[in-house]
Structure formats: structure tokens, C-alpha cells
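What follows is a short report on a single structure.
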Amino acid sequence: MPVSGKTLSEVRQDLQDRLPTKLVRQRTLEGRDVPVVLLPEEVVVTVSEYRPVYVNGDVAHPGEQPFRPGMTVRKALALAGGYDIMRFRASNPFLDSADLRGEYDSLLTSAAKDQLQIWRLQIMLGQRVAFDLDSLPRSQAVADLAKTEDAQLKVLEADFTKEKSFLAEASKKATAQLATLTSQRSGENEGIKADTEDYDRLKEFMQRGTVPMLRLSDARRNVLLSSTRWLQAAAQATQLERDRDEIDRKLVRLSDQRRSDLLKELQEATTRLNATRARMDAVAEKMLYTGVVKSQIVRGKGGSPSLSVFRNSDGRLERIEVQEDADLLPGDTIEVALTTEYAIGLGSR
């Protein structure tokens with residue numbers, strides 16, 4: 001007798017209508033077959049076994065679940081261990097969430113440190129005038145880092161100013177000394193001319209016999225002394241001019257080398273900041289997945305699971321969107337998909 005699509009009461013009624021009209025043979029204890037007529041009230045119909053229901057998707061234990069009369073989607077999900085996302089879980093999501101939060105905060109502090117260093121270097125390069133602390137996370141660690149960078153900025157600027165002033169003052173002194181030596185050399189040059197003229201005049205007088213040899217020797221000695229002093233002044237002036245040029249080159253090189261070093265540090269700090277931000281994005285994504293695994297958090301924040309029942313009706317498979325309190329039929333397949341709730345606080349960071 002076909003019973004597909006009928007309720008248990010309908011099947012019982014059909015059997016109660018049919019069986020009393022038929023003879024049923026029953027074997028006695030002696031081994032004989034005796035015809036028996038069944039009365040309608042003697043017909044009892046029960047289901048020995050129902051087709052199981054199947055749960056698939058974001059549950060702890062997907063698979064086959066035995067069907068019981070009155071079973072709902074909620075009961076089937078409870079038998080499957082409740083909501084969960086197995087494909088995302090490699091370990092305890094609660095411990096992972098705490099570890100990831102600590103790693104994210106550490107990276108956030110590192111990013112703030114790199115950003116402060118970049119701003120300090122930009123100030124020293126003349127590319128900006130002050131730190132933009134309002135754009136950084138408000139925490140004691142970041143405030144301490146800002147104070148340290150500000151103090152370092154003042155110390156480095158003071159050292160550069162002192163060294164630059166020292167070299168400029170040394171160049172100024174060398175220029176003054178060079179002017180003095182130049183004046184001295186001019187005076188010595190005039191002295192050489194005078195002593196040479198005096199020597200030539202005395203030499204002419206000696207040839208006439210009017211000047212003794214001693215006077216000519218003294219005049220020659222004066223010429224030699226004047227020449228020696230002029231040569232010494234010229235040598236000192238040349239050396240001092242070299243020293244002044246070297247000081248001027250150091251002064252120019254000081255600014256150029258400082259700018260080169262600052263640009264190199266700025267490049268390194270920018271690279272570190274970009275790497276830190278990339279790691280922060282990766283950790284934030286892990287935190288998102290970990291938050292989805294913690295299904296009670298997802299549901300507690302308004303996350304509504306998507307529940308679908310696939311049912312074979314009249315030889316064709318149909319999909320039905322249901323709620324947790326929907327009734328199930330034997331052979332139903334439940335598809336569970338949790339909606340993703342973004343981790344709290346990631347957007348503000």
C-alpha cells in the first residue's frame with residue numbers, strides 16, 4: 001500500500017478500513033495456521049525509523065542527525081553542536097582573540113613611534129613645522145614616545161646649531177687673520193723695496209770708496225731679514241687661506257651631510273611604517289575571522305544566521321528560507337551560513 005505523502009493518522013485509517021475485510025492467518029502455539037479477522041480498534045500503526053535530517057555549513061558537527069517527531073531547525077542545530085565556523089578555526093578562538101588584540105596594540109604603538117620619527121625628520125628637513133598628535137591614538141605609551149621625539153628634536157637641533165656656529169665663527173676668525181697677514185705681507189713687501197734700494201745705494205757709494213764695507217753688510221742683512229719675514233707672512237697667509245677654505249667646505253658639507261642622513265632615516269622610517277601598517281591589516285583580518293568563529297559574539301551583536309532547508313517535494317528539490325523555529329520533515333537538509341560581523345573597534349583604529 002503506498003503511503004508516501006500521507007500522515008500517520010491517514011495511514012492508520014486506511015489500514016483500519018482495509019484489514020477488517022481480509023482474513024489474516026495467524027500461527028498458533030501448536031503450529032497450525034488459523035484465519036483471524038482483525039477489528040478496526042486492533043489496528044495500531046507506528047513508525048519504526050524516520051529518515052534522518054542533515055545539517056551542513058557553519059555548525060560545530062555537520063552531518064546526519066536522527067529525526068524525531070516535532071523536530072525543529074533549532075533542535076537540529078543544537079544536536080549539531082551549535083553555530084561555529086570550522087574552516088576558520090585552527091585553535092581556541094578566545095585565546096587567539098586576546099593574543100591578536102595584544103599584537104595589534106603593539107603594532108599600533110610601533111606605527112605611532114615610526115610616525116613620530118617621520119614627523120621629527122620632516123621638521124628637521126623643513127617639510128613641516130610641528131607634530132600632529134591629534135591623529136595618533138591617545139595612550140600613555142604614545143604620549144611618552146611623543147615627548148621623547150620632541151626632546152630628541154631639540155637636542156639634535158641644538159647640536160647642529162652649535163656646530164654650525166662654531167664653524168662659521170672659525171671661518172670668520174680665519175678671514176680676519178688672513179686680512180692681518182695680507183696687510184703684514186704688504187708692509188714687508190714695502191720694507192723689502194726700501195731695504196733693497198738702500199743696499200743698492202750703499203753698494204754704489206762703496207764702489208766710490210765713500211762707505212765702509214760694514215755698512216754694506218748691514219744693508220744686505222736687512223734685505224735678507226725683510227725677505228724672510230715676507231716669505232713667512234706669505235706662507236702663513238697661504239696656509240690660513242687653505243684652513244679657511246677647509247672650514248667653509250666643512251660648513252657646507254655639514255648641512256649637505258645632515259640633509260642626506262635625514263633623508264636616509266626618513267626613507268627607512270617610512271619603509272618601517274608601511275611594513276607595520278601591512279602587518280596591522282593582516283592582524284586585523286585575523287581578528288575579524290576570529291570574531292566570526294566566536295559565534296555567540298556574532299549573534300550577540302545582531303548577527304542573523306542564514307538558514308535554508310532543502311526538501312524533496314513531489315520528486316523535485318526545493319529550497320526554503322526558514323527561521324530557527326521552523327518544523328522539519330524526515331530527509332530535510334539544513335544549510336547554515338553565519339553572517340559576518342566586523343570586529344568591534346577595528347574601524348576606529
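When you check S227 against the structure, is it on the phi < 0 side of the Ramachandran plot, out of contact with any Phe, Trp or Tyr (no Cβ under 9 Å at 6 or more places or on another chain), buried (at least 16 other Cβ atoms within 10 Å of the Cβ) and of a type in the set (S, T, Y), yes or no?
Spelling it out, S227 is indeed on the phi < 0 side of the Ramachandran plot, out of contact with any Phe, Trp or Tyr (no Cβ under 9 Å at 6 or more places or on another chain), buried (at least 16 other Cβ atoms within 10 Å of the Cβ) and of a type in the set (S, T, Y).
For L125, which of the numbered conditions (1) at pLDDT 85 or above; (2) of a type in the set (A, V, I, L, M); (3) surrounded by 19 or more Cβ atoms within 10 Å (Cβ to Cβ); (4) in the same structural domain as D261 (by TED's automatic domain parsing) fails to hold?
Every condition holds for L125 apart from (3).
Among (1) among the hydroxyl-bearing types (S, T, Y); (2) over 30 Å from S135 (Cβ atoms); (3) at pLDDT 80 or above, where does T28 come up short?
Condition (3) is where T28 drops out.
Would you be able to tell me the number of residues in region 128-175 that are of a type in the set (S, T, N, Q), more than 33 Å from the chain's Cα centre (by Cα) and at pLDDT 85 or above?
Final tally of qualifying residues: 2.
How many residues are at positive phi, touching a residue at least 60 places away in the same chain (Cβ under 8 Å) and part of a loop (DSSP other than H, G, I, E, B) when one looks only at region 31-64?
Residues of region 31-64 that are at positive phi, as a first pass: 31, 57, 63.
With touching a residue at least 60 places away in the same chain (Cβ under 8 Å) added as a condition, the list becomes 57.
With the extra rule that they be part of a loop (DSSP other than H, G, I, E, B), the set shrinks to none.
Of the residues in region 31-64, 0 are at positive phi, touching a residue at least 60 places away in the same chain (Cβ under 8 Å) and part of a loop (DSSP other than H, G, I, E, B).
Determine whether region 85-108 contains at least one residue that is at pLDDT 85 or above, of a type in the set (S, T, N, Q) and part of a helix (DSSP H, G or I).
yes
Taking T28 as meeting all but one of (1) hydroxyl-bearing (S, T, Y); (2) assigned by TED's automatic domain parsing to the domain that holds L77; (3) over 27 Å from D332 (Cα atoms), write down the number of the exception.
Of (1) hydroxyl-bearing (S, T, Y); (2) assigned by TED's automatic domain parsing to the domain that holds L77; (3) over 27 Å from D332 (Cα atoms), only one is false for T28: (2).
Per-residue answers, yes or no, for (1) out of contact with any strand residue (DSSP E or B) (no Cβ under 9 Å at 6 or more places or on another chain); (2) not assigned by TED's automatic domain parsing to the domain that holds V309:
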position: K6; (1), (2): yes, yes
position: S9; (1), (2): yes, yes
position: L15; (1), (2): yes, yes
position: R18; (1), (2): yes, yes
position: V24; (1), (2): no, yes
position: L38; (1), (2): no, yes
position: V55; (1), (2): no, no
position: G63; (1), (2): no, no
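The values are calculated or read from the model by the stated rules, or taken from the named source; none is laboratory data. Since the model is a prediction, treat every value here as computed from it, not as a measurement. When we count neighbours, we look across all protein chains shown, and the Cβ atoms used for this are built from the backbone with ideal geometry, even at glycine.
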